[in-house]
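Comments concern the structure below.
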Amino acid sequence: MQIRSLMKSDGSRRCPANRRGLVPRSPRRGVAIVWLLAVCPVLFAMMVLVADVAGLWLVELQLETAASAGALAGAKVWGESDDEGQARTAAQSFTNANEPSAPVSTRRSGGTADTPDRWQVTVELGERNGQPVCAVEVQQLVDSFWPGIAGPYRLRQRAVAVYDETTQQPTLLSTAHQ
């Protein structure tokens, strides 16, 4: 049996364990794949959570716009006509015209007893210092990307507007999410 030299003809060393003269394989081979398989589900879950929160934030902003539009329209109509029915109709129609179109599911359910309506508008009329005031509260049931784990979420937004008789313009007093 002949012992081969560890030196190549060009002076570089050869690995005795490998016939081709390459570096031997590490015993830690494949660790990167294990880490990748462990980290990918966590990263995916974090991305879905971020998308879910962003979708809820977007719906909340759209609800604020809808409630504000309804309150301003109701206050203007009630201040100009003194007709509560027309003011309620105007507030309702302006609010419904601004119903959110969300990236998450906000479909109407039909409003049965087991699945309440996903879009609800409440209009209240009153007076403040002798001036007509219209308050609109909007509620929306929003599904989550995590059905069965998180959600559905009920988002609420309230806006209050007063009709200023000196300027003959409605003014938004407050908006608040609840």
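So here's what we get for this one:
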quantity	calculated
FRET efficiency estimate (nearest 0.05) - Cβ-Cβ, ASN96 to GLU165, R0 22 angstrom	0.20
Förster radius 35 Å - calculated FRET efficiency between LEU37 and HIS177, Cβ distance, rounded to 0.05	0.30
Gain in span if fully extended, MET47 to TRP146, counting 0.36 nm per residue against the direct Cα distance	34.4 nm
Sorted peptide list for 71-77, 124-130, 88-94, 135-141, criterion being average Cβ within 10 angstrom, highest first	71-77, 135-141, 88-94, 124-130
Rounded FRET efficiency, nearest 0.05, which uses the C-beta distance separating ARG128 from TYR153 and R0 of 35 Å	0.65
Spin-label model distance (nm) - LEU61 vs ASP83, 7 Å beyond Cα toward Cβ	3.7
Rounded to whole Hz, the Karplus (6.51, -1.76, 1.60) HN-Hα couplings of segment 55-66, x for glycine and proline	x, 5, 5, 5, 4, 5, 5, 5, 5, 4, 5, 5
Packing-based exposure ordering (other Cβ within 10 Å, fewest first) of VAL48, VAL59	VAL48, VAL59
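Rule-based calculations on the coordinates, nothing more; no lab input. Bear in mind the structure is a predicted one, so any value in this text is a computation, not a measurement. Methodologically, a virtual Cβ is constructed for each residue, glycine included, from the backbone with ideal geometry; neighbour enumeration extends over all protein chains shown.
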